[in-house]
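Participant: Next up is a structure, given as structure tokens.
The values are calculated or read from the model by the stated rules, or taken from the named source; none is laboratory data. Remember, predicted model here, so these are calculated numbers, not experimental data. Cβ coordinates were reconstructed from backbone atoms using ideal geometry, including for glycine residues, and neighbour counts include every protein chain displayed. SASA here: full protein model, heavy atoms, side chains in, ligands and nucleic acids out. Shrake-Rupley method; radii C 1.70, N 1.55, O 1.52, S 1.80 Å.
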Amino acid sequence: MERDLTPDWILKQTLDLQHNALTSFLKEKQSAMGGNGESGEGLTLTVLGCGTMGIAILGGILDSLSTSRSQQPDTAVQDEPKRLPSRFNACVRSSKSAERIKRELGQYEAFKNLTIHQNSNAKPTQEADIVIIGCKPHMVRGVLQADGMQKALKGKLVISICAGLTEEQIVAFLPSATHCTVVRALPNTAAAVRESMTVIATSPNTPLDADTDALMTWIFTRIGRVARMPSANMDACTALCGSGPAFIALIVESMAAGAIAMGIPRDDAYLMAAQTARGMTQLILTGGDGGKAEHPAILRDKVSTPGGCTIGGLLVLEEAGVRGTMAKAVREATVVAGLLGEGKGGVNGTRR
């Protein structure tokens, strides 16, 4: 049939094409987010040993899925994975842990898609596309070698957040017939407030495909920032990012102690010291031109007025070797992390 190519007909066809394209896009997006509850194309994520860190990771994800708020530029994912987690399993041993999950995660709308399993790992692992190992390092072998687990793990993306355990050690716990992708990631305690520094181990011999890599980034940017380091550097990353919060806490406590000695009320001193540390870290991250990172030495120099109180205090710290001592603490923690990863115990008691 001959068409009447009038402007009205062209406009109608254009609007129909736009409507179809928009509908298709929304369906794909909803499917990736698991929002329609029918297609079942969203991923299932299972956390084995869902303790403090597992709850923090799930909290970040559930919060992201439950709201439409934009992510901050420093936590945005440039290449969002094609499929996102939409169903969740949290595996625990005690009813107390189960209640804690309900208490801390029940506020999120997406919590309805989370199932808590007590003393049951094989079934929720079988259902999963992604498995996060969050139990204590010494428990990992027993968990992975339990009945049904080797079959359940086949073909899955397995993410270990266990400090000290290498990918090779985890693979060694499984028979060669268990073909799964094992990736090591090290979030830190600040995940609880969405300010983690998570380091993802990389391997030049077995690089992740683009979508798996994007999925890893998406998961861990829900709780803070992400960096990638070769597996050989993970002990140093454990020391810097895992032990680092304790080192910073000691510095904040020491600064507050000096202020308390000079008459500042205790609670006020801790608040002022903590906020001062927080402000300075933000300046280091974004205080340069155009919001870029600024070197700590430049920022330190900016507040060190000639003949002023700051340079006087800095000289006391330099005379006491604080810079070298802090660097040595990171180096020591790196060595200890490596020894713990080899399965050695009581290493701190044997070192000078």
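Participant: Please determine whether any residue of the stretch 115-123 is farther than 30 Å from Ile284 by Cα, of a type in the set (Val, Ile, Thr) and at pLDDT below 95.
Facilitator: Within the stretch 115-123, not a single residue is farther than 30 Å from Ile284 by Cα, of a type in the set (Val, Ile, Thr) and at pLDDT below 95.
Participant: Out of Ile284, Ile251, I need the residue that is of a type in the set (Val, Ile, Thr), open to solvent by 70 Å² or more (accessible area, probe 1.4 Å) and in contact with a helix residue (DSSP H, G or I) (Cβ under 8 Å, 6 or more places away or on another chain). Which one?
Facilitator: Ile251
Participant: Inside the stretch 287-302, can you point out the residues that are surrounded by 12 or more Cβ atoms within 10 Å (Cβ to Cβ) and under 25 Å from the mean Cα position of the chain (by Cα)?
Facilitator: Matches in the stretch 287-302: Gly287, Glu294, Pro296.
Participant: Let me ask something else. Given the criteria open to solvent by less than 60 Å² (accessible area, probe 1.4 Å), under 28 Å from the mean Cα position of the chain (by Cα), of a type outside the set (S, T, N, Q) and more than 24 Å from Ala190 (Cβ to Cβ), does Leu339 qualify?
Facilitator: So Leu339 passes the test.
Participant: Report whether or not Thr281 is among the β-branched types (Val, Ile, Thr), modelled with pLDDT of 95 or more, more than 30 Å from Arg87 (Cβ to Cβ) and within 20 Å of the chain's Cα centre (by Cα).
Facilitator: Yes; evaluated as a whole, the condition is true for this residue.
Participant: How many residues, within the stretch 254-275, are in contact with a helix residue (DSSP H, G or I) (Cβ under 8 Å, 6 or more places away or on another chain) and open to solvent by 80 Å² or more (accessible area, probe 1.4 Å)?
Facilitator: Qualifying residue count for the region: 4.
Participant: Tell me, which residue of the stretch 65-102 that is crowded, with 18+ Cβ neighbours inside 10 Å, at pLDDT below 95 and more than 18 Å from Asp211 (Cβ to Cβ) is farthest from the chain's Cα centre (by Cα)?
Facilitator: Top of the filtered list is Leu65.
Participant: On the basis of being open to solvent by 80 Å² or more (accessible area, probe 1.4 Å), under 30 Å from Ala163 (Cβ atoms) and among the hydroxyl-bearing types (Ser, Thr, Tyr), does Thr305 make the cut?
Facilitator: Taking the combined requirement at face value, the residue does not satisfy it.
Participant: Within the stretch 173-190, does at least one residue satisfy the condition of being of a type in the set (Phe, Trp, Tyr) and modelled with pLDDT of 95 or more?
Facilitator: Scanning the stretch 173-190, I find no residue that is of a type in the set (Phe, Trp, Tyr) and modelled with pLDDT of 95 or more, so the answer is no.
Participant: Could you please tell me which pairs satisfy a Cβ distance under 6 Å, a separation of 6+ or placement on different chains, a first residue in the stretch 214-233 that is under 13 Å from Leu157 (Cβ atoms) and of a type in the set (A, V, I, L, M), and a second residue that is open to solvent by 40 Å² or more (accessible area, probe 1.4 Å) and not in a helix (DSSP H, G or I)?
Facilitator: As it stands, the answer is Ala214/Asp79, since those pairs meet every condition given.
Participant: I've got another one for you. How do the pairs read when you match residues in the stretch 323-352 that are under 12 Å from Ser243 (Cα atoms) with residues anywhere that are open to solvent by 60 Å² or more (accessible area, probe 1.4 Å), using Cβ under 7 Å and keeping only pairs 6 or more apart or on different chains?
Facilitator: Qualifying pairs under 7 Å: Val330/Leu240; Val336/Asn348.
Participant: Within the stretch 303-326, can you find the residues that are under 20 Å from Leu250 (Cα atoms), among the β-branched types (Val, Ile, Thr) and more than 36 Å from the chain's Cα centre (by Cα)?
Facilitator: Of everything in the stretch 303-326, just one residue is under 20 Å from Leu250 (Cα atoms), among the β-branched types (Val, Ile, Thr) and more than 36 Å from the chain's Cα centre (by Cα), namely Val316.
Participant: Condition check: farther than 24 Å from Val330 by Cα and acidic (Asp, Glu). Does Asp235 satisfy that?
Facilitator: no
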